[in-house]
Structure formats: structure tokens, C-alpha cells
1. Just to be sure before I move on: is A:PRO17 open to solvent by 50 Å² or more (accessible area, probe 1.4 Å) and modelled with pLDDT under 95 in the structure I sent?
2. Output the number of the condition that A:THR243 fails; it satisfies all remaining conditions of (1) open to solvent by less than 10 Å² (accessible area, probe 1.4 Å); (2) closer than 30 Å to B:ALA130 by Cα; (3) within 14 Å of chain B (Cβ to nearest Cβ).
3. Looking at region A:154-193 only, could you name the residues that are more than 10 Å from chain B (Cβ to nearest Cβ), within 18 Å of A:ALA52 (Cβ to Cβ) and assigned to a loop (DSSP other than H, G, I, E, B)?
4. Only one of B:GLN89, B:GLN77, B:GLN14 is open to solvent by 10 Å² or more (accessible area, probe 1.4 Å), under 30 Å from A:GLY552 (Cβ atoms) and not aromatic (Phe, Trp, Tyr); which?
5. Here is a list: B:MET40, B:MET73, B:MET92. Which entry is without any contact (Cβ under 8 Å) to a residue 60 or more places away in the chain and not assigned by TED's automatic domain parsing to the domain that holds B:ILE232?
6. Quick check, is A:TYR361 open to solvent by less than 50 Å² (accessible area, probe 1.4 Å) and not polar (S, T, N, Q)?
7. Residue under question is A:SER28, and the condition is that it be over 23 Å from A:TYR235 (Cβ atoms) and at pLDDT below 95; does it hold?
8. Among the residues of region A:361-395, write down those that are among the aliphatic types (A, V, I, L, M) and closer than 21 Å to B:GLY231 by Cβ.
Amino acid sequence: MAVVAASPLAAKVPAGPIAEKWDLHKNSLKLVSPTNRRKFDVIVVGTGLAGASAAASLAELGYNVKAFCIQDSARRAHSIAAQGGINAAKNYRNDNDSVWRLFYDTVKGGDFRSREANVYRLAQLSANIIDQCVAQGVPFAREYGGMLANRTFGGVLVERTFYARGQTGQQLLLGAYSALMRQVTTGKVEMYPRREMLDLVVVDGVARGIVCRNLITGAFETHAAHAIVLCTGGYGNAFYLSTNAKACNVTAAWRCYRRGAFFANPCYTQIHPTCIPVSGSYQSKLTLMSESLRNDGRVWVPKDANDNRPPNEIPDDQRDYYLERRYPTYGNMVPRDVASRAAKERCDAGYGVGESGMAVYLDFRDAIARDGLEVIKAKYGNLFHMYEKITAENPYQVPMRIYPAVHYTMGGLWVDYNLESTVPGLFVLGEANFSDHGANRLGASALMQGLADGYFVVPYTLGDFLARTVFPKVTINHPSFKETLVEARNRVERIVAAGGTRTADDIHRQLGQILWDKCGMARNASGLSEAIGEIQSLREEFWENVKVLGTGEALNQNLEHAGRVADFLEFGELMCRDALNREESCGGHFREEHQTPEGEALRDDENYCYVAAWEHRGADEEAALHTEPLSFEYVPLTQRSYK
Amino acid sequence: MAHTLNLTLRIWRQSDRDARGEFRTYDVRGISTHMSFLEMLDVLNEQLIQQGEEPVAFDHDCREGICGQCGMMINGQAHGPDRETTTCQLHMRRFENGQTITIEPWRARAFPVIRDLVVDRSAFDRIIQAGGYISVRTGQAPEANTLPVPYEDAEKALDAAACIGCGACVAQCKNASAMLFTAAKVSHLALLPQGQPERRRRVVNMVARMDSEQFGNCTNTYECEAACPAGISVGTISRMNREYLKARLAGVEPNL
């Protein structure tokens, strides 16, 4: 049983009606004068949508910003791979959309496990994001009259998603990146590419700096600041196979956890329904096919499990369009968690298609017949091209084969309403925090959250922190910096010195398999308990038997990867513990013991309507559970239904 | 259905920026035709580690063709033989059993080799820093639909904005010119109404920065367009040349 701490966490949600909370709160935040801002140094780690937008906005205000990224250029952060779109409550389609409806859809889509006040603020800020991006020159799709175009996404009944072909994340990130590069030119941002944050420096309980490794030279560096903004994304690569970029990792967030930041809801992972299926044991990553495809594609499997005919030869009455059958109101546009479980259910029951039997069809035949080939090509051309590249099959002629894959992580470091973690001075933005998506994220909401946090929340709340805090003078010569540096360096040296026989990649694959089998789309108590034991022994094996060649004093990609695997091996255990603790099903967390007779997720609002925030208590101690109770004053708790 | 290949790889190995490099030859066996090119290199690297030789360093990240981090010369072609395809999206079904594949880093003075197949492309960031943006602060933006953008202009701007900044254009060009990269950003912003106020200053400064980064000149061989995985057209270069000429005739001087 988890150790439960007594006092609930203070989320600092302001009082007042939900529609006025953010405005009232902003009015109460302290300001830093324009001339004093240049006296404050801020470190931003990560340059995806959250990091680049935060770094640029803070620099525009006049703070001295140091921005760090793991890639060779800030423009390559993984936000760039987001395909489908970004939500905003503009109501440009006159379909009765509103801030309220975006708020409502997001709370419901998250299966009532997010913080209402945060979600409402996100919906309020969504419209400003579109304005900002358009002003930066982001080339969103347009209608012939020159106005912005929209489409719909899963889990909603309006068209509020803005997009730039299948490259929305790329275009939004290039917008934020260009704002960041402008600030490099003004001298307010110092860029540190090819740096990996390996630890957080805490001085007298306050976050005051970071330790990072220069990936080109292998040199360890320390940097001091008045506040740290962590924007390092999610932990999906714990599963080895995911749609995340290969460098995505949990290390920065995990190191902050080890220094006192609570980790919230690590068991909430999003398994995205439409990905290209695994084709072999050599597979290095999985590729997403945008959710936007479900606007026009119909998902089906044969009605007869033994039907091995090519898909185009199977007549309509012998196809099971199972999403349309089970969820007539939302049809193919049910939220991701629901669509993924439904695909797994069909495949487990023996109806799956393709060589492995672990796939379902996503078919555009009817859409092409209805709208014409050119219309479909214009909407999804680059996605179809990518599918054909990977599978050597033409999706204009034969249905795509898809299967769910790990895509996004709703859990992350716990933050209060100001996006500040439990370590004062450490702010956490974007996918790296936990706050807005509950147990399941709706499509086109990740980009919205990253940019809302970076452009419009942290510039205000961070200013308040700086204005309220008395800062003793701390430089990198402070003993805490030296101690943290030595610890980080020792970890790296220990990996190099292990001199074993198994590669880090091989161990990572095994960890991924354990998590996928026992902490993936369906979980149960005995599987999770087994997984914890297996991860513990695999972790021991790693430290005794990992084989990394070369030195730490040069570019050594193998060493970088091994360090990330070491942290995934610690984190994976916490993920399983959290899943074991949560004796209910909600959103992407599906405990087989807790389901309705129809196989839908069954929540337990009596006992689990809370955020689970885990506190590190030392290497040999079990993590302690803190809870933040969630109350739903505006969207009443109900069983989610998309029927 | 998948079948397997046995291949000989000639790969450029160089331990750091200043070291002397050389080609080394490796055999890989049983490569599935379903593998991506980078997965084939993963197999080689696992094999090398087990044999006690340091793995080949190469840049990669998203492995779905959008981040622009990967890129290598494959048998003399940037990103290999497929059109509009990054190295990570190239699959082994494009190769024959028994084939020898020569793999080199991007070759350009402005992109020094860091190690093996990894190069330093920070010159691209500096070109963007010289003006590849619209100067708008967070909070200054007007309501998005107050500025209509004709459909055709938005589409053309997106065609140019699709550049992933991988550097294949530079690597393939015999002059190692960065004209296509620079022109893509200049075109993207010149085509949009938001980009007008800084239109002249932008092109002059970005071209000046490009020239100072030791990229070569353009001699219209169009190798860049052929190598570009994002399908950026050389038409953007014509547009940039016109933009540049107009700006200079109007008396705009570079100011870096």
C-alpha cells in the first residue's frame, strides 16, 4: 500500500466564479518594473511550443533568458511533429461554440480528472493563441474568402480546430522559434543547443539552477538563475515504442522529482488509436496518422474473424464499422481512449487484420467517392504520402491499417494554478506538467496548452514569483552547484564504467515491453505488481550489465541514451505504482477490474476523484502519495457517454 | 511481404571536428526490406557495440520526416534515392541484396563535421536570426480574421514554410549554397500581408548573413530542389532575387 500523506496539496486556485478566476487572479499578481526585469535571470529548458513561446515572451518583457535544448536547433523540438491542429473557441463556424463548450468538452474528455479552473483558463486563452500565431505569419489553412478554415476533432460536436495541412505543429513551432530567434538577435536570449539537463540545483529549498551536459564536448556545465522553467515534454518513450521522437525522455522531469518536485498521475498515458502498426522486432519508433483522418476515414474490421479476403473485396454488409455501431452519436470521432480500447477489443477477439492480426482498417473509399480524390488529397496528402513511404501501400486504393500506440502523457510534474511545482521557483509548462487534460487529452489540445502556458500564463505568474521573493545572491560557485554537479557526473561515469554485455537499447526494449504488456491499454493488479518486480530487477541488471563504449568526453549518443534509460527504469516503477494505487478506470487508465458491463471505463468518484502526486523520499524508500482533491462545480460528474 | 538483404556499408568515420576522417567498411546481414534506413543503421550500431567498436554517430529524432534533424549523403545523394523523402523515411526496400552503400555526412564548409555523420548546422539558425521572423510581441496581435489572406497566397506561403531546415539543399549543391533554405523563409513571409512591414530589411539582412556564413553562390543547377525532402521549389529563389533587387534599388543596406 502506498504511504499516504495527511495534508492535501494547495493548488492556489483563486476564489470567484470560474469565468472570472483568471482575471481576478491576474489583478492580484505582483509586477516587476520594466527597469528591474533586466536584473532577473530565467532558465528555460526545452524549446518546443511551451519552451520557445515562454522564452520568447519572457525575453520580450526584459528578463535575461537562457534557453536550452537537446536538439541541434531549437526548431527541431518534438512539438514539430504534431499533425492535425489546434483548438480555439473562436466560433468562426457559427456552430454555437464558446469558451464554455471548449471548457466543458475538455473536462469531459479528460474523464473528470483535471482541474476545472485550469481548463477554463485554457479555453479562455485559446482565442488569443490563434491571434498571436497569425500575427507571426503562421500560414493556417484559409477559405477562399481569406478567412481561417476549421475542421473537427475527436470528442466534440463543433468545428473549432485550426490547421496547416498535416503540419500544424511544425508551423506553430516555427512561429514560436522565429520569435525566439528574434530575441537571440536582441541579446535577451542566450541559446544553448545540444545541451541535456541532468539535474536541478536547489539552494535553501528554492530552484536556483541546472546542471547540464554539452553533448558535443561532453563537458558538464552549471547555470544559475532566479527561476527555472521546465518545458521538457512527456515520458512516452518509457514504452520504447511510441510516436515520440527518439530523444524525448523523462530525465529532466525525473531529476526535478528527485529534488523535491512531486510527480502527478504518472499512470495517465495516452494511447493514440490511429498509428501505423508494428511491423517487426527491429522497429525503432511508431508513426502517428493524424486523428483528423477520422473526419473522413471509417474504421472497420471484417464481421467474420476468418475472412482473409483483401479489404476491397469485402462487401459493406460483411464489414463491422464497430465505432459507428457502438457510438452512433460520435461515430468515428469518439475520443482517443475510447477508440483505442475498441480497436484492442476487436483485435483481442480475433477480428484484427494484416500480417500480425493486430490492426484495423481506416478506409477512405466512401469519402473519395463522395468528395473526389482531389479533395481528399488536398486535406491529407502529406499523411497519405507518409503512410505509403512506410508501408509501401497506397491508401487511396486500399484502406490504411492502423493500431493504437503510445502518443502523449497527461501525467507530469505537479503544478499549482501558477504552474509552479512543489519546489519554489521551478515552473513546469506544456506536456511536462499534469494540469489540463485529466486522464485523457482531446485531439488538438496539446498545442493549445503548450502555447497558452508559454505565451500567456507564465509571463504573468513568473513575474509575481520574482516580485514576491527575496533572493540571496547565488552563483555557480555555491556549494549546492558543486555537489549537484558531482552527483550528475558520477552517474554518467558509473554508466561508462559498468562494462557489461547488454546494450542500453536492448534493455530499453525490454522495459518497454513490460510497460506495454502490464501498464498499457489495459491494466490489472496482479500484472502491475509483477511489472514492479520485473522493472526492479531490470534496473539492477542495467547498472551491472549495461555496455556503453567510448568516453563521456565527446559526442557519445549511446551514452546519452543509456542515461535516459536509467531514468526510465526508475520512472517506470512509479508509473506502475500509480496505476496500482488508482483502483478505478478513467480515461486512458483502464483497470480491467473496473469496467461497466459494456466494457467502458468505470470511475470511482467516491474514492479517487483526486490528483495523485508522488513525493520522492530517498533512493531506498517508497514514494509517498499526496492528494489534491478535485471538485467539479461547473461540469457535474457524470459517466462519460459518446453513444 | 518482407524479404532480407545482405549489404556492404562504406561509412565516413571521423572522431571529432579536427580529426582526419576515413571510410570504413562494414557488412550487415539479414536486413528486412520493411526497415527504415536509420533502423538499418541501428542494427549496425548494435552489432558494432557487441564487437567493441564505437557506434556510428548520426543525427535523427522524430523519424517521421518533419524535424529535419536527420540527413546524410547516401551513394552521393542527399537523403538517398527517393524524391521528397528524408533519410528516416527512406526504406530498405529501395535497395538490392548484395549492394554496397556509401554513407557520408553533409559536405559543406558552412556545416563542419562534429563526428562521423553529424554536422554543425547552426549557420541556419543565424540566417533566421538575421530577419526570418515578423516582429510582433506576445500580446500585440489583432483579432485573427481582421486580416484576410487570399487562399492562393496562404497555400503558396505554406508551400515555402514547409522547409524542415535539414540542409539537404546545401549538401547537394556543388557550391554548397544556402539559397533554397533562405529563399523559402523569405518567400513564406513576403507572401503574407503580416510580413510586409519588414519585407525589404528582412531579405537584405538574411542574404548578408547567408553570405557571411561561407555558403557558396547559386549557379542555377537546381540540385537543391531535386534533393529537398519538403518539395521547396526553386521558384522561391527567383522570388528572393526579385525581393533582394527591389530592396537594394530602394536603397536598403544590410544592418547585422
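1. No: the conditions fail for A:PRO17.
2. For A:THR243, the failing item is (2).
3. A:GLY187, A:LYS188
4. The unique qualifying residue is B:GLN14.
5. Sole residue among the options that is without any contact (Cβ under 8 Å) to a residue 60 or more places away in the chain and not assigned by TED's automatic domain parsing to the domain that holds B:ILE232: B:MET40.
6. Judged against the criteria, A:TYR361 is a match.
7. no
8. Passing the criteria: A:LEU373, A:VAL375, A:ILE376, A:ALA378, A:LEU383, A:MET386, A:ILE390, A:ALA392.
The values are calculated or read from the model by the stated rules, or taken from the named source; none is laboratory data. As the structure is a computational prediction, the values presented were derived from the model and not from experiment. In this analysis, Cβ positions are derived from the backbone assuming ideal geometry, glycine residues included, and neighbour counts consider all displayed protein chains. When the accessible area is computed, the model is the full protein with side chains, heavy atoms only, and any ligands, DNA or RNA have been set aside. Shrake-Rupley method; radii C 1.70, N 1.55, O 1.52, S 1.80 Å.
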